[in-house]
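The values are calculated or read from the model by the stated rules, or taken from the named source; none is laboratory data. Nothing here was measured: the structure is a model prediction, and the numbers come from that model. Reconstructed Cβ throughout: ideal geometry from the backbone, glycine too, with neighbour counts over all protein chains shown. Side chains are part of the model used for accessible areas, which takes the heavy atoms of the whole protein and leaves out ligands, DNA and RNA. Shrake-Rupley method; radii C 1.70, N 1.55, O 1.52, S 1.80 Å.
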Amino acid sequence: MIQKPKGTKDILPSEIYRWQYIENKIKTVMENAGMKEIRVPVFENTELFSRGVGETTDVVQKEMYTFEDKGGRSITLRPEGTAGVVRSYIENGMASLATPLKLWYEMAMYRYENVQKGRLREFRQIGTEVIGTQSYLADVEVIDLGVQIFKALGIPNIKLNINSIGCPECRAKYQEALRDFIRPNLEKYCDTCKTRFDKNPMRILDCKEKKCKEMNQNAPTILDYLCDECKEHFENVQKLLKELGINYEIDSTIVRGLDYYTKTVFEFISEDDGLTVLGGGRYDGLVKEVGGQDTPAVGFAMGMERLLELFDKYNPDVAQERKMDLYVANIGDESNLYATKLVKELREEGIFVEKDICQRGIKAQFKYADKQGAKFVITIGDDEVRSGKAMIKNMETGEESEILLNCENIKEKLGQ
Ligand code: ATP
Ligand code: MG
């Protein structure tokens, strides 16, 4: 038997309605804030990610699905959404649209990861990108979207951690201090960290290796190096969060896994399992890096598999699968055609109604209706075709009554 590739997941009909439930809730939260959905390609030119996400990140160094296509181009399956959205923003001249541009997306992402709990190779993210404003107000609006999503889904025990990683100016001084801190132990760091020492020492703080993490414990914090503008920005973010009653903690170790972040960064972490469900921040340098005008932006991405797991834990019965309103059983050829036409008409009226399409006997038809949880069953034979009346059975109470076989009557009986 051919099995699915490692790190992928089938989403089965038995769980899809729960996905759809949380997707709809999130969509409403996004739309209420004026976010418009965007969809970009599953694959992009590799250069977009190496430049956008950053050459020294785990994503680019270790996790990308990159291949040469038949035309000799280097192609990469998107490992994250922001770079593609920003590419699309530039390529489609979206800078001429009203500012800020508020976008959201739901897309599958591909990363060659060490597969473990909450870490897949194909996973889905819902994210948002607000492009064109450098104001702290946008940072807070985006953070609040995250707050609202967890609230709308009834997921408790979510902690918000924030940090500021400054701008290229303040970062230069900080990186020097960080190198001075790391240098004496550099030989003991992992090979990847060593390669990052010169190019991007802040990446070393995001290393997942235990020994590197331990050595990083007393590293200097960027917060001591913020320039006046970055400091003020971060203070404004915090002030407004407090005024809105949004609890947070400052975690100066957050650097995020993608190089494009500047100033505010944040993570929503489940206190149940310690996993980060949502991560984001400001990325004022990305649009220019990918070839557009210098344009500030802020956004986040949320792991849907991790989110669904928490949703299921706290709200196992909130999402309900749509139940069949009516099953039309038939006995014989004449009634089959009659039932087929009736079902067609009822479906056009928005009723969830089924009938036999296997040419099975009445007993098997009832069995199917029962198994699928049909709320009502109408049985049609030759007599019913002639009289235009039939019995309708309430499958829950067992109660039966006669009904005229027209759309209006049936709809009324079904309570619709
Ligand atoms: P980490 O440091 O944990 O690897 P990251 O910096 O790679 O995180 P992002 O790229 O910002 O994370 O992704 C945002 C969110 O997407 C994560 O918080 C998580 O919920 C989800 N996510 C990221 N990678 C995976 C994965 N391999 N499988 C499932 N969900 C993921
Ligand atoms: Mg990662």
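Restricting the first member to region 12-31 and to residues that are closer than 20 Å to Ala301 by Cβ, and the second to residues that are of a type outside the set (Gly, Ala, Ser) and open to solvent by 30 Å² or more (accessible area, probe 1.4 Å), the beta-carbon pairs closer than 7 Å and six or more apart or on different chains are Trp19/Ile11; Glu23/Glu106; Val29/Gln148. Per this entry, Glu80 is counted among residues that are within 15 Å of ligand 1 (Cβ to nearest atom), acidic (Asp, Glu) and within 29 Å of Glu141 (Cβ to Cβ). When Asn24 is tested against (1) of a type in the set (S, T, N, Q); (2) within 16 Å of ligand 2 (Cβ to nearest atom); (3) closer than 30 Å to Lys313 by Cα, just one condition goes unmet, and that condition is (2). Filter region 261-290 down to the residues that are in a loop (DSSP other than H, G, I, E, B) and either more than 11 Å from ligand 1 (Cβ to nearest atom) or closer than 17 Å to Ile155 by Cβ (or both) and list them by number. Residues satisfying the conditions are Glu271, Asp272, Asp273, Gly274, Leu275, Tyr283, Asp284, Gly285, Val290.
For region 271-300, the tally of residues that are within 16 Å of ligand 2 (Cβ to nearest atom), hydrophobic (A, V, I, L, M, F, W, C) and open to solvent by 20 Å² or more (accessible area, probe 1.4 Å) stands at 1.
Scanning region 118-148 for residues that are within 16 Å of ligand 1 (Cβ to nearest atom) and open to solvent by 10 Å² or more (accessible area, probe 1.4 Å) yields Gly118, Arg119, Leu120, Arg121, Glu122, Phe123, Arg124, Gln125, Val147. Restrict the check to region 252-270 and report whether at least one residue is more than 16 Å from ligand 2 (Cβ to nearest atom), surrounded by fewer than 18 Cβ atoms within 10 Å (Cβ to Cβ), among the hydroxyl-bearing types (Ser, Thr, Tyr) and within 20 Å of the chain's Cα centre (by Cα). Looking for residues that are more than 16 Å from ligand 2 (Cβ to nearest atom), surrounded by fewer than 18 Cβ atoms within 10 Å (Cβ to Cβ), among the hydroxyl-bearing types (Ser, Thr, Tyr) and within 20 Å of the chain's Cα centre (by Cα), one finds none in region 252-270, hence no.
Considering only region 28-49, I want to know if a residue exists there that is within 15 Å of ligand 1 (Cβ to nearest atom), open to solvent by 10 Å² or more (accessible area, probe 1.4 Å) and not small (Gly, Ala, Ser). No, region 28-49 contains no residue that is within 15 Å of ligand 1 (Cβ to nearest atom), open to solvent by 10 Å² or more (accessible area, probe 1.4 Å) and not small (Gly, Ala, Ser).
Listed by position, the helices (runs of 4 or more DSSP H) enclosed by region 189-260 that each have at least 3 residues that are within 16 Å of ligand 1 (Cβ to nearest atom) are 191-199, 210-215. What residue, among those in region 39-75 that are of a type in the set (S, T, N, Q) and assigned to a strand (DSSP E or B), is nearest to Ala297 (Cα to Cα)? Of everything passing the filter in region 39-75, Asn45 is nearest to Ala297 (Cα to Cα). Could you give me the residue pairs with C-beta distances under 6 Å whose first residue belongs to region 387-402 and is assigned by TED's automatic domain parsing to the domain that holds Asn330 and modelled with pLDDT of 95 or more, whose second residue is open to solvent by 60 Å² or more (accessible area, probe 1.4 Å) and of a type in the set (Val, Ile, Thr) wherever it lies, and which are 6+ apart or on separate chains? Note: no pairs meet the criteria.
Suppose we keep only residues that are in contact (Cβ under 8 Å) with a residue 24 or more places away in the chain and within 11 Å of ligand 1 (Cβ to nearest atom) within region 89-117. Which one would you say is farthest from Gly292 (Cα to Cα)?
In this case the residue turns out to be Lys117.
Checking each residue in region 379-414 for being surrounded by 14 or more Cβ atoms within 10 Å (Cβ to Cβ) and among the β-branched types (Val, Ile, Thr) picks out Thr379, Ile380, Val385, Ile392, Ile403, Ile410.
Among all positions in region 161-179, there is at least one residue which is within 20 Å of the chain's Cα centre (by Cα) and modelled with pLDDT of 95 or more. Here the helices (runs of 4 or more DSSP H) wholly within region 309-416 that include at least 1 residues being touching a helix residue (DSSP H, G or I) at 6+ places or on another chain (Cβ under 9 Å) are 333-348, 382-387, 407-413.
Being of a type outside the set (Val, Ile, Thr) and free of Cβ contacts under 8 Å to residues at least 60 places away in the same chain is the filter here; which residues of region 32-61 pass it? Within region 32-61, Asn32, Pro41, Phe43, Glu44, Asn45, Glu47, Phe49, Ser50 meet the criteria.
Taking region 217-239 as the range and being closer than 10 Å to Ser164 by Cβ and exposed (fewer than 14 other Cβ atoms within 10 Å of the Cβ) as the test, only Glu235 passes.
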